[in-house]
Amino acid sequence: MTESVAPSRLGTQPVGEVREVAEGVYQLKVPVPIPLVFVSAYLVEGSDGWTLIDTGFDYPEGREVWETGARAAGCDLHRDVSRIVVTHFHPDHLGAAHWLQELCGAPVYMLESEIENSREIWDDANPTSFIGHLGDNGMDRALAERAAAKMRAGLTLPEKMVPLRAGEEMPLGTGKVRVVRAPGHADHQIMLHDEERKILFAADHVLLGITPNIGRWPESKPNPLARYMESIWSIRNLPADLVLPGHGPIFHDLRGRVDELLRHHEERLELMWREIEGTPKTPLEVSRKVFRYGLSLYERCFALTETLAHLEHLVLEGRAERMEGGISSFRAV
Ligand SMILES: [Zn+2]
């Protein structure tokens, strides 16, 4: 896909460092031990204390960057934080929330249904359905077990979680933001929109440089791609000229990026449809054709679930059928 939306000149600091990207809004690039390199957390200074948005994985390098980054922004993690907002349950966003809460004493705000979902996934992390899901779609069992051990290793949830509702307003900085539902990458993901300042904290819903993983994971509701495309279409005209994403560069042109992402998925659908023309293929086989070689195990899981989401979307559109029995496979119709 050719991208023409330009990255911002804001937030170009190296991983591990913090920069002010709007008045009172600081971006902290927290390193992550996965190919994504970093997750962007945001620290927002307000009259009633600081708000932290997303937390990174809980591991020593991440903790160290939080300590030094917050200090550089002028935020004392032990005294100044009044709330922590987590956009979705993935470990690179929610992982360090427990540790940060112990440090700051602040409550962790998440979408009501995401609190429930996180408890289901992380409280009794059970790799069986994860392994079964990858296996059903063509992955070798030993590999699926290794992937589950990495990706569902467990995570300690923060003790005090406060539910948010979609559409509600909450104070942030010197103003307020609205909680916007952003399904697709994760069913219960949220973004925060400051309409007055035209700032969108976009989580992993609209990214630049990479496309958000829209995958069919064992926990996802059916047809994540349909919900994703509908959702980004609905926010296309949101008043926002500063998009602060969870990964990759900051950018300004929300509408332009939404159009690119919609085009990207249409192209992917077309490519995959051609792969299953004539002979049925498993999602794994299709993912090997569509994604580049040499992926890490982590990335192979993302490629597989992403492929499955597209194949299911083709079924939904009446352009493919799922074959009966055994490992799942799809054929174009
Ligand atoms: Zn995510």
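The values are calculated or read from the model by the stated rules, or taken from the named source; none is laboratory data. The structure presented is a predicted model; accordingly, all values stated were derived computationally and were not measured. Glycine also receives a Cβ, built like all others from the backbone with ideal geometry; neighbour counts cover every protein chain displayed. Heavy atoms of the whole protein, side chains included, go into the accessibility calculation; ligands, DNA and RNA do not. Shrake-Rupley method; radii C 1.70, N 1.55, O 1.52, S 1.80 Å.
With 0.36 nm allotted per residue and the present C-alpha distance subtracted, the Glu317-Ala72 stretch has 83.1 nm of extension available. Taken along the Cα-to-beta-carbon direction at a fixed 7 Å, the label points for Leu297 and Lys160 span 3.9 nm.
Ranking Met191, Ile121, Gly325 by Cα position along the charge dipole of the chain, where only Lys, Arg, Asp and Glu carry charges on their C-beta atoms, puts Gly325 farthest toward the positive end. Under a model in which nothing but the beta-carbon of Lys, Arg (+1) and Asp, Glu (-1) is charged, the chain shows a dipole of about 640 debye around its Cα centre. Each peptide in 92-100, 192-200, 112-120 receives the mean, over its residues, of other Cβ atoms within 10 Å, and ordering these scores from highest gives 92-100, 192-200, 112-120. Spin-label model, Glu120/Lys150: points 7 Å from Cα along the beta carbon direction are separated by 2.6 nm. Helix 141-151 and the longest principal axis of the C-alpha atoms of the chain enclose an angle of approximately 10°. For segment 179-323, the share of accessible area belonging to carbon and sulfur comes to 50 percent (1.4 Å probe, ligands and nucleic acids excluded). Between the Cα long axis of helix 127-136 and the first principal axis of the chain there is an angle of about 40°, rounded to the nearest 10. Relative contact order of segment 84-174, taken over Cα pairs closer than 8 Å and 6 or more residues apart, is 38 percent. The dipole here belongs to segment 168-284: it is taken about the Cα centre, uses +1 on the Cβ of Lys and Arg and -1 on the Cβ of Asp and Glu, and is about 100 debye.
Hey, what angle do you get for helix 224-234 against the long axis of the chain, alpha-carbon based, 0 to 90 degrees rounded to 10? In the chain, helix 224-234 runs at an angle near 50 degrees to the longest axis. Listed by chain and number, the aspartates and glutamates whose C-alpha is less than 13 Å from the C-alpha of Lys198, apart from same-chain residues fewer than 8 away, are Glu23, Asp241, Asp253. Every helix of 4 or more DSSP H residues in the chain counts as -39500 (n - 2.57), and over all residues that averages to -10500 deg cm²/dmol at 222 nm. Count the net charge of all other residues whose Cβ sits under 11 Å from the Cβ of Thr156, scoring Lys and Arg as +1 and Asp and Glu as -1. Around Thr156, the surrounding residues sum to -4.
The mean accessible area for residues of the chain, using a 1.4 Å probe and ignoring ligands and nucleic acids, is 43 Å² per residue. What pairs in Lys29/Lys289; Lys221/Lys281; Lys150/Lys281 have C-alpha atoms more than 31 Å from each other? Long pairs (Cα-Cα over 31 Å): Lys29/Lys289. Label-to-label distance for Glu64 and Ser82 is 3.3 nm, based on points extended 7 Å past Cα in the beta-carbon direction.
For Leu172, the amide hydrogen comes within under 5 Å of the amide hydrogens of Val177, counting only partners 5 or more places away or on other chains and with H modelled in the peptide plane. Largest mean-square fluctuation among Pro183, Pro239, Pro31, in a Gaussian network model of the chain whose springs join Cα atoms under 10 Å apart, belongs to Pro239.
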